[in-house]
Amino acid sequence: METRREERITQLIQALKRSDKLHLKEAAALLGVSEMTVRRDLNSLEGPAVLLGGYIVLEPRSASHYLLSDQKTRLVEEKRRAARLAAKLLKPHQMAFFDCGTTTPWIIDAIDNDIPFTGVCYSLNTFLALQEKPLCRAVLCGGEFHASNAIFKPLSLEDTLNHLCPDIAFYSAAGAHVEQGATCFNLEELPVKQWALRRAQYHVLVVDHSKFGKVRPARMGALQSFNVIASDRSPDEALTTLAKQHKITLLFDPS
């Protein structure tokens, strides 16, 4: 029995060397066992394969790893407060780009249902939020689907995105650092984020206070690329000074 378990773990590790993550259901099908058996195998010994948010990954939980399912319940009220401030910036009949992540749906939720607008997005959870707005024309940009952060990475920016010029763009980030700028966990998000930074006319970075001072692996751009930084709390002195120097509007909840 122990030998079979070790064989299954070895198979999983080999599969993960070809892909950075494997859904629990896919792993069970690959091994020809139940999902419960896979869970038991992973829980029975310490090893390089661990279960995170329904996905099996090689690395342990760390600051450099991100799964959308893990982030949904973190700092929810803080994200909502930042999102409500950002949502007020959208004007009727504008085309708005909405980034991926767990903060962005709260921005959409806070938009008045009487406001007509076009919402451009590239992530599944953002698209589903846009579907709830009665006067929204939703544009979902397709591509290769990445399950961990629920985004569609375009196979070519020429397909849809380069035909669009949003009036306003709302961005999420996992880090906001004075020197390193706005950063996120996943490199596959960068092509669309950076397209928006080139094409949109007005840029709004929406982050809760836990992101201030953090640096993640994938760099979106300098903080001075944004017209507004919206958060649930005032940023530290260094970021506040940078905002004054570059005329970045800081929106935060003083309560």
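From the protein chains alone at 1.4 Å, what is the descending order of accessible area for 193, 244, largest first?
Ranked list, largest accessible area first: 244, 193.
Between residue 120 and residues 5 or more places away or on another chain, which pairs have amide H atoms under 5 Å apart, with H built 1.01 Å from N, and which residues are they?
It is 96, 97, 98, 139, by chain and number.
Roughly what angle does helix 2-18 make with the longest principal axis of the chain, taking Cα atoms, 0 to 90 degrees, to the nearest 10?
Long axis of 2-18 versus the principal axis of the chain: about 40 degrees.
Report, in deg cm²/dmol and to the nearest 500, the calculated mean residue ellipticity at 222 nm for the chain, where each DSSP H run with n ≥ 4 adds -39500 (n - 2.57) and the sum is divided by the residue count.
One gets -9500 deg cm²/dmol as the mean residue ellipticity at 222 nm.
Rolling a 1.4 angstrom probe over the protein chains, ignoring ligands and nucleic acids, what is the accessible area of residue 107 in square angstrom, nearest 10?
In the full protein context, residue 107 sits at about 0 Å².
Quick one: what are the phi-derived ³J(HN,Hα) couplings along the stretch 23-32, Karplus 6.51/-1.76/1.60 with θ = phi - 60°, whole Hz, x for glycine and proline?
5, 4, 5, 5, 5, 5, 5, 4, 8, x
Heavy-atom accessible area per residue, the stretch 77-211, 1.4 Å probe: how many Å²?
Value for the stretch 77-211: 41 Å² per residue.
So, with a 1.4 angstrom probe, what is the percent of accessible area on the chain that is carbon and sulfur?
With neighbouring chains kept in place, the figure for the chain is 50 percent.
What percent does the relative contact order of the stretch 71-252 come to when contacts are Cα pairs within less than 8 Å and at least six residues apart?
Working: 411 pairs, mean separation 38.8, N = 182.
Once divided by the residue count of the stretch 71-252, the mean separation gives 21 percent.
Give the percent of DSSP beta bridges with both residues in the chain that are antiparallel, rounded to the nearest 5.
Looking only at bridges with both residues in the chain, the antiparallel portion is about 40 percent.
How big, in percent, is the set of alpha carbon pairs in the stretch 71-252 lying more than 29 Å apart?
Tail fraction, whole percent: 12.
Net charge around residue 82, counting only other residues with Cβ within less than 12 Å of its Cβ (Lys, Arg = +1; Asp, Glu = -1)?
Computed value for this residue: +2.
In what sequence, highest mean first, do 225-233, 97-105, 179-187 appear when ranked by Cβ atoms within 10 angstrom?
Taking the mean over residues of other Cβ atoms within 10 Å, the ranking is 97-105, 225-233, 179-187.
Amide H neighbours of residue 56 under 5 Å, counting only residues 5+ apart in sequence or on other chains, H built in-plane at 1.01 Å?
22, 23, 24
The values are calculated or read from the model by the stated rules, or taken from the named source; none is laboratory data. The model shown is predicted, which means the values in this text are computed figures rather than measured ones. Cβ: placed from backbone, ideal geometry, glycine included. Neighbour counts: every protein chain shown. Side chains included, ligands, DNA and RNA excluded: accessible areas come from the protein's heavy atoms. Shrake-Rupley method; radii C 1.70, N 1.55, O 1.52, S 1.80 Å.
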